[in-house]
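The values are calculated or read from the model by the stated rules, or taken from the named source; none is laboratory data. Small disclaimer: the values here were computed from a predicted structure and weren't measured. Glycine also receives a Cβ, built like all others from the backbone with ideal geometry; neighbour counts cover every protein chain displayed.
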Amino acid sequence: MSENTDANVGTAEKQPLGIDRRNFLKLGVAGLTIAATPAVLKKTGGGNGHGAATSKHRWGMVIDQDKCVGCGHCTMACRAANDVSPDISWNRIIEDKETGTYLPIPCMHCEDAPCVNVCPVKATYHRPDGIVMMDYDRCIGCRYCEMACPTGSRSFNWEAFTEANPAVPQWGQPEVPRRPRGVVEKCSFCYQRIDRGLELGLTPGVDLAATPACVVACPTGARIFGDLNDPDSAVSRALAENPSYRLREDLGTEPRVHYLPRRKRQENEEVNCS
Amino acid sequence: MIRDMREKLLFPAWLGFLGLMLAAALVGAFFVFTRGLVVTNLTDLVPWGLWITIDLSAVALGAGAFLLSAAVYLLRIKQLEPVARTAVFIGFTGYTMACMTLLLDIGRPDRFWHSLVFWNIHSPLWEVTMCISFYLMVLTLEVLPIIGHHSFMQERFPWVAARLESVHSLAPVLAVVGLGLSLLHQSSLGATYGVLKARPIVYKEMMPILFIVSAIAAGPALTVLASKLAARLTPRAHVDDALLDKISHFIGWALLGYLYLRFWDTLAMNYTFEPGRTEGLLMLTSGSLAFTFWIGEILLGTVVPSVILLNKRLRRRPNLHILALVLVIGGLVAYRWNTNIVSQLVVFNMLPNELAPVYTSYRPSLVEIATGAGVISYGLLMFTLGVRYLNIVDHRKHGHAVQETTVSVDRAPVPVAGD
């Protein structure tokens, strides 16, 4: 896991909304009054209105179910890098016992994300590059996003996580601050690794230090990460060359996590759609 | 004499009971705020439970306030004014109950004000929060004259009392604003569920309509019930049975309308198959929620009370009348409970062609029950004290409420209030 530790050094925490709020607070104590509220709207509404992607990147992930063996290394690396409590999985894995197929489920980072639409305070929002982010300083813990998420990708901090993280140091080092009790958290595509990687001139999905921890940790190479806007990226090529599907595409939320279905069959198994 | 005895014994006993409930709730709330929501039985699969049901029910049962205010000041049914006064006080109590429950329910109660400052205009919950905040202001303004009318205020602080009473001149404006806000958020509470793609059984346009129609039936029912019970239990309350009878008749029709909508909304779901939604329907009609659905919601909550309330002979039997109103309120709570919980107990499938449903379960923890009961006790306490000291149930034609329109008040001490 040396890649993890490398990327961890001096990681800057980027919280775009935090800056907005600081600026806003500078406007004066009158910020609580209704008269000032339109100013807030203008400040926060610009960069992270839902669906508005202005970045040249559009991060996406491809998970190859043919290669996934359900080892759970992704979940552990995620817990270490993002300092996630053992009670919570940002990346849970469902096993289909009949076919022996595994379905790892991170946040889908939907283009039309139900959670972003329903959050009453815009604590969850789209970054320009499409990542569905959480502002833990703004979340009020109403859990409406959990009601809205079709893939159950969100977890609430029912209690404070104060113990030592058992995933550290074996699986990596924490790169982001721990979340307080009472807010919802979820997979962030390891935005901290992407942002720092880009600053260093690395390519997320190619250079391990700029790639989400789960992708780096996967021993079978079942996870591919990259820029969906770049036709030469590994994700775009994987999607162009293979049949793929997404979870609950019928809902029209346009998930950015794609799956390559299992192709290998047991000898006695009939060929059927998996 | 018997009434005297009853007042003397019943009142302290009742207050003592409410005090105990409130004390238990305070202990529960202490655990919630110090240890967090881990003391509840809520999970990531069932994040909304008993508290949300209480919250939804308290708001719906407060609907009497906007309906009766609208009837008095927009439809100009002036004779309902004293009943509107009762309804407004109950509405105020109900909305403060809802706010207390929400404060318990959100993970970061210290950030309750965030939705007022950080707007997401796409979220039904944001709209509900804004509407409820503004409507609570309206209700507060509507309650101020009632406080200003109290003899204590009039004797000690006549100037303040006159100012408070003068707010009453805003009543027609408040009625219009209250109507708008209430129609919005009572419906939007349904839309809060209606927009949830991930909860097939509630993902439908009917949710806002069902929520507001059920509130229109049950809100006034609580007003009438509370008035009638107060009149039975204390000589301080004076009701006009003819007025309450009229309102009850209206409730009967509203219930029929609701029953019609609910019937087609829910039972027509079996026309089509949709994974998740069909399992939810099965859970309601023949599964673990069958009792609260068929008995609590449909039979006792809607059919029986609508028969009683629409039949003059049955309705005029006091005990039956009260029973019917209790059933209406129970039916509303059952509907809110079923709607909230059925949408979560069937876990959403990851694949559209996945036919094996996954279920989860939820049973509120002791802390949830104790704090929930405490919030309800607070509501009962508010009403009890309101009847005793603020004279909120006085539907006599020449009651004090009528005089409030003239700001120059008579300073005659009110005989019933104050000791």
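For the stretch A:144-203, a residue qualifies if it is within 14 Å of chain B (Cβ to nearest Cβ), in a helix (DSSP H, G or I) and not acidic (D, E), and the qualifying residues are A:Y144, A:C145, A:M147, A:A148. The residues of the stretch A:112-143 that are more than 9 Å from chain B (Cβ to nearest Cβ) and in a helix (DSSP H, G or I) amount to a single one, A:C115.
Just one residue in the set A:M108, A:M76, A:M61 is surrounded by 17 or more Cβ atoms within 10 Å (Cβ to Cβ), part of a loop (DSSP other than H, G, I, E, B) and modelled with pLDDT of 50 or more; that residue is A:M108. Which members of the stretch B:88-118 meet the condition of being among the hydrophobic types (A, V, I, L, M, F, W, C), within 21 Å of B:V138 (Cα to Cα) and either within 13 Å of chain A (Cβ to nearest Cβ) or without any contact (Cβ under 8 Å) to a residue 40 or more places away in the chain (or both)? Hits for the stretch B:88-118 are B:C99, B:L102, B:L103, B:F112, B:W113, B:L116, B:V117. Within the stretch A:96-108, the presence of at least one residue that is in contact (Cβ under 8 Å) with a residue 60 or more places away in the chain, out of contact with any Lys or Arg (no Cβ under 6 Å at 6 or more places or on another chain) and facing chain B (nearest Cβ under 10 Å) is confirmed.
In the stretch A:189-213, the qualifying residues are those that are surrounded by 22 or more Cβ atoms within 10 Å (Cβ to Cβ) and in contact with a strand residue (DSSP E or B) (Cβ under 6 Å, 6 or more places away or on another chain), and the one that is nearest to B:F33 (Cα to Cα) is A:F189. As a summary of the residue check, B:L10 satisfies the conditions (1) away from chain A (no Cβ under 12 Å); (2) under 24 Å from the mean Cα position of the chain (by Cα); (3) more than 21 Å from B:T96 (Cα to Cα); (4) of a type outside the set (D, E) except for the one numbered (2).
If you go through the stretch B:33-42 and keep only what is in a helix (DSSP H, G or I) and at the interface with chain A (Cβ under 8 Å from one of its Cβ atoms), you end up with B:R35, B:L37, B:V38.
Only one entry of A:R237, A:R223 meets the criterion of being closer than 28 Å to A:M76 by Cα, at pLDDT 95 or above and surrounded by fewer than 20 Cβ atoms within 10 Å (Cβ to Cβ), and that entry is A:R237. Considering only residues in the stretch B:321-366 that are modelled with pLDDT under 95, surrounded by fewer than 17 Cβ atoms within 10 Å (Cβ to Cβ) and outside any loop (DSSP other than H, G, I, E, B), the one that is farthest from the chain's Cα centre (by Cα) turns out to be B:V358. The requirement of being in a helix (DSSP H, G or I) and among the polar types (S, T, N, Q) is fulfilled nowhere in the stretch B:229-243; no residue meets it.
Among the residues that make up the stretch B:43-51, is at least one of them within 24 Å of the chain's Cα centre (by Cα) and part of a helix (DSSP H, G or I)?
Yes, some residue in the stretch B:43-51 is within 24 Å of the chain's Cα centre (by Cα) and part of a helix (DSSP H, G or I).
Elements of the type helices (runs of 4 or more DSSP H) sitting completely within the stretch B:142-198 and holding at least 2 residues that are within 14 Å of chain A (Cβ to nearest Cβ): these cover B:171-194.
Looking only at the stretch B:301-320, residues that are over 20 Å from B:L233 (Cα atoms), surrounded by fewer than 17 Cβ atoms within 10 Å (Cβ to Cβ) and among the polar types (S, T, N, Q) come to 1 in all.
Of B:L323, B:L332, B:L310, B:L327, all but one fail to be out of contact with any strand residue (DSSP E or B) (no Cβ under 7 Å at 6 or more places or on another chain) and more than 29 Å from B:I54 (Cβ to Cβ); the exception is B:L310.
Number of residues in the stretch A:128-149 that are within 20 Å of A:R246 (Cβ to Cβ) and modelled with pLDDT of 95 or more equals 5. If we keep just the residues of the stretch A:240-258 that are in contact with a Leu (Cβ under 8 Å, 6 or more places away or on another chain) and not hydroxyl-bearing (S, T, Y), which is surrounded by the fewest Cβ atoms within 10 Å (Cβ to Cβ)? Among those that are in contact with a Leu (Cβ under 8 Å, 6 or more places away or on another chain) and not hydroxyl-bearing (S, T, Y), it is A:P243.
Any residue in the stretch A:175-198 that is in contact with a Phe, Trp or Tyr (Cβ under 9 Å, 6 or more places away or on another chain), free of Cβ contacts under 8 Å to residues at least 24 places away in the same chain and not basic (K, R)? No: zero hits.
Residues that are at negative phi, part of a loop (DSSP other than H, G, I, E, B) and not β-branched (V, I, T) are absent from the stretch B:261-270.
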